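Just below is one structure, and these are the notes that go with it.
The values are calculated or read from the model by the stated rules, or taken from the named source; none is laboratory data. Since the structure is predicted, the reported quantities are computational estimates derived from the model, not experimental observations. Every residue, glycine as well, gets a Cβ built from its backbone with ideal geometry; the counts of neighbours run over all protein chains shown. Accessible surface areas use protein heavy atoms only, side chains included; no ligands, DNA or RNA. Shrake-Rupley method; radii C 1.70, N 1.55, O 1.52, S 1.80 Å.
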Amino acid sequence: MNEQIFMFFNQNPDALPLYEKLERSVTELVPDVRIKVQKTQISFYNRHMFSCVSFARVRKKKDCPDSYIVVTFGLGYKVESPRIDIATEPYPNRWTHHVLISEPSEIDEELMGWLGEAALFSERK
């Protein structure tokens, strides 16, 4: 874990364990992943960006837990799941999905399956 990641979570330190679990899971799934910390997100890349973590507002404030991260990923189709908070199609056949994560148990097989698909989708672009 580098200093930039700690700085990213400076305002939301309770969310850091969620990110740490997600990062471990992503690096196991995509061994050649590159991680880039930016002002508003932490991005995961292979050939292209396939996922990111942010504090994007995907629900009304009153419906958000105190501590959370938003995991965003792209696929060639729209995932239909109650776990997806927002899905948009910025380009034909390129869907961006946002999932709010507030518990470590939500970083599960289903989410990691989507991120694995997103990594393959990104690699083929």
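Results, tabulated for the structure shown:
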read-out	value
Residue within the range 34-43 that is among the hydroxyl-bearing types (Ser, Thr, Tyr), closer than 22 Å to residue 120 by Cβ and modelled with pLDDT of 90 or more present	yes
Candidates 29, 100 - the one that is in contact with a Gly (Cβ under 6 Å, 6 or more places away or on another chain) and either aliphatic (A, V, I, L, M) or farther than 16 Å from residue 118 by Cα (or both)	29
Pairs where the first residue, in the range 106-125, is closer than 12 Å to residue 29 by Cα and the second is hydroxyl-bearing (Ser, Thr, Tyr) and open to solvent by less than 30 Å² (accessible area, probe 1.4 Å), C-beta under 9 Å, 6+ apart	111/25; 112/25; 114/51; 114/81; 115/25; 115/51; 118/51; 119/51
Which listed residue is modelled with pLDDT of 95 or more and open to solvent by less than 20 Å² (accessible area, probe 1.4 Å), from 121, 73	73
